[in-house]
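All remarks here apply to the structure that follows.
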Amino acid sequence: MSSPRNVLLLFLVIVSLFVFWTPLKTLLDYSLRTGHHEYDRDSHTLLIPFISMALMFLQRKRIFARVQYGFSIGGILLLMGLTLNCCTGRALNQLGAENSLSTEILGLIIFWMGGFIFCYGTGAFRAGAFPLLLLLLTVPIPDSLLDAPLWAVRLGSTEVCSAIFTLANVPVLRNGFELTLPGNSIQVAKECSGIHSTLAIFITSLIAGHLFLASVWKKAVLVLFALPIVCVTNGMRIALLTLLAEYVDASFLHGSLHHKGGMGFFLLALLLLFAILQVLRRGEGRMSLRVKSPQNGGQSSASFVK
């Protein structure tokens, strides 16, 4: 990579920080909040740009093997990003605060992608498509798009929880998302759907598939397993808390284990994801990230060996 391209990209990034400062400040505020609130789901957004940069650094030889300026396409995307930001600010009342923030951050990501193509060309963009497109996960997800997956996690968690009670011979009466035991009644509410675990496992499955799986269908299978894994671990967590409240102490439903005990089940979810990844890697033998050497046009490889 030549120095003038890097300086130009850095300049465009600095410009974007000034132009998009207001939505960035809002997103930063939402990301750093703790506790249960309507934007708690955005806590992962701060990590995405750093993950993207780390992936690009790992694959820098392949991504930047051949670079050229992409003034036309890059310029169009830069203008699109600026236009989205400008028009969204004027249509705030029509879009609402949530949709406005999502649109403005989308404009920022488009601006960054346009800046990358402007400096390094479409060939480099194609080579680094995964880490660059991963930046789209920085865009806050509106409630309207989260309703369906959250409902699926609630339903799956309730099914798993109910099945555990049945296997344990615990008498239970189910009515939708509500489970009634002799001494306690619980409802798998939206707040109990494990939105953080769902997003974290989804993002982890995307990255793991990109790094360690060669075939597209295996990557897709790994990502599709994210939802069932969250349902299983979340259902187990709810069942455990309910059983402790039923047979030990009712305070377990509202105590520290309820609010802070999710990390153990998240680690269990990661173990399940890792196990599925190992199964999918069978038959692939040795997986290499091939990179072209800019000096001799040959190929070298950084290998992940089973």
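Filter the stretch 110-155 for residues that are aromatic (Phe, Trp, Tyr) and either within 18 Å of the chain's Cα centre (by Cα) or surrounded by fewer than 21 Cβ atoms within 10 Å (Cβ to Cβ) (or both) and give the result. Steps first, please.
Here is the first cut: in the stretch 110-155, the residues aromatic (Phe, Trp, Tyr) are 111-112, 116, 118, 120, 125, 130, 151.
The answer is 125, 130, 151.
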Exercise for review: Would you point out which residue out of 180, 158 is hydroxyl-bearing (Ser, Thr, Tyr) and at pLDDT 90 or above?
Suggested key: 158
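Against the definition (touching an Asp or Glu at 6+ places or on another chain (Cβ under 8 Å), at negative phi and surrounded by fewer than 22 Cβ atoms within 10 Å (Cβ to Cβ)), how does residue 55 come out, yes or no? Break it down stepwise before answering.
Numbers: touching an Asp or Glu at 6+ places or on another chain (Cβ under 8 Å): no; at negative phi: yes; surrounded by fewer than 22 Cβ atoms within 10 Å (Cβ to Cβ): yes.
Criteria not met by residue 55.
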Revision key, fill the gap. Within the stretch 60-69, residues part of a loop (DSSP other than H, G, I, E, B) and either surrounded by 19 or more Cβ atoms within 10 Å (Cβ to Cβ) or of a type in the set (A, V, I, L, M, F, W, C) (or both) come out as 64, 65, 67
Exercise for review: Determine, yes or no, whether residue 210 is modelled with pLDDT under 90 and surrounded by 13 or more Cβ atoms within 10 Å (Cβ to Cβ).
Suggested key: no
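Kindly indicate whether residue 72 is out of contact with any helix residue (DSSP H, G or I) (no Cβ under 6 Å at 6 or more places or on another chain), assigned by TED's automatic domain parsing to the domain that holds residue 210 and assigned to a helix (DSSP H, G or I). Quick ask: steps written out before the conclusion?
Details: out of contact with any helix residue (DSSP H, G or I) (no Cβ under 6 Å at 6 or more places or on another chain): yes; assigned by TED's automatic domain parsing to the domain that holds residue 210: no; assigned to a helix (DSSP H, G or I): yes.
For residue 72, the condition - out of contact with any helix residue (DSSP H, G or I) (no Cβ under 6 Å at 6 or more places or on another chain), assigned by TED's automatic domain parsing to the domain that holds residue 210 and assigned to a helix (DSSP H, G or I) - is not met.
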Exercise for review: Go through the stretch 155-213 and count every residue that is out of contact with any strand residue (DSSP E or B) (no Cβ under 7 Å at 6 or more places or on another chain), among the acidic types (Asp, Glu) and more than 15 Å from residue 240 (Cα to Cα).
Suggested key: 1
Practice item. Would you mind stating whether residue 215 is in contact (Cβ under 8 Å) with a residue 60 or more places away in the chain, hydroxyl-bearing (Ser, Thr, Tyr) and surrounded by fewer than 21 Cβ atoms within 10 Å (Cβ to Cβ)? Key: yes
Review point. Considering 88, 83, which residue is modelled with pLDDT under 90, of a type in the set (Val, Ile, Thr) and in a helix (DSSP H, G or I)?
Key: 88
Exercise for review: Report those helices (runs of 4 or more DSSP H) wholly inside the stretch 214-278 carrying at least 2 residues which are at pLDDT below 85.
Suggested key: 226-247, 256-260
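The values are calculated or read from the model by the stated rules, or taken from the named source; none is laboratory data. The structure presented is a predicted model; accordingly, all values stated were derived computationally and were not measured. Note: ideal-geometry Cβ built from the backbone for every residue, glycine included; neighbour counts use all protein chains shown.
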